[in-house]
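Enquirer: Sharing a structure below in structure tokens format, with a few things to ask.
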Amino acid sequence: MFSPGHAGANAYARVGVETGVMGANPHRLVVMLYQGARQAIAQARMHLQQGGVAAVAARGEAISKAIRIIESGLQASLNVEAGGEIGERLNALYSYMARRLFEANVKQSEAMLVEVDRLLATLEEAWIGIAPEIARMAVQPSAESMR
């Protein structure tokens, strides 16, 4: 079904992702989860637009991947107790997004896919925006221990 070139490209991509994950700090890992979920949603949208029997299965796989990233990655990594109200709201939002993705698959709704992608994009942008603060906090304890 795929040419040998695709197999090589896929293997290269897997190695790149694995290397990125192994060298990433926790903040970067969350960014990667957002990006992975958004990429899976983009693939689902593409398959939805293509139509056809093969596209239905591929769309379902892409949506399932996005749901797994949201539930097993983003939501599972939340510390709701430490996060307080923000943690609780994020937890509820992640649950909502997973439900919407499931509905999008059942109803073949591109609008629902776009909705979840926009929510993820907003969260990703905010998470990237706090990177300087995270970096400052990471350096601060080290500087204080040298005194």
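Enquirer: For the range 51-87, what are the residues that are within 19 Å of the chain's Cα centre (by Cα) and of a type in the set (A, V, I, L, M, F, W, C)?
Expert: Selection gives ALA58, ALA62, ILE63, ALA66, ILE67, ILE69, ILE70, LEU74, ALA76, LEU78, VAL80, ILE86.
Conditions (1) touching a His at 6+ places or on another chain (Cβ under 9 Å); (2) of a type in the set (Lys, Arg); (3) surrounded by 14 or more Cβ atoms within 10 Å (Cβ to Cβ), marked per residue:
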residue	(1), (2), (3)
VAL56	yes, no, yes
GLY60	yes, no, yes
SER72	no, no, no
ALA76	no, no, no
ASN79	no, no, no
LEU90	no, no, yes
MET97	no, no, yes
LEU119	no, no, yes
GLU133	no, no, no
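Enquirer: Also, I was wondering about something else. Is the range 120-141 home to any residue that is over 23 Å from ALA24 (Cα atoms) and either assigned to a helix (DSSP H, G or I) or out of contact with any Pro (no Cβ under 7 Å at 6 or more places or on another chain) (or both)?
Expert: No: zero hits.
Enquirer: So which of LEU101, LEU48 ends up being out of contact with any Leu (no Cβ under 6 Å at 6 or more places or on another chain) and under 14 Å from LEU119 (Cα atoms)?
Expert: Sole residue among the options that is out of contact with any Leu (no Cβ under 6 Å at 6 or more places or on another chain) and under 14 Å from LEU119 (Cα atoms): LEU101.
Enquirer: Which of (1) over 18 Å from LEU29 (Cα atoms); (2) touching a Lys or Arg at 6+ places or on another chain (Cβ under 6 Å) does SER64 not meet, given it meets every other one?
Expert: (2)
Bear in mind these aren't lab numbers, they're just calculated from the coordinates by the rules spelled out. Predicted model only: the values in this text are computed from it and were never measured. Glycine gets a Cβ as well: all are built from the backbone with ideal geometry, and neighbour counts include every protein chain shown.
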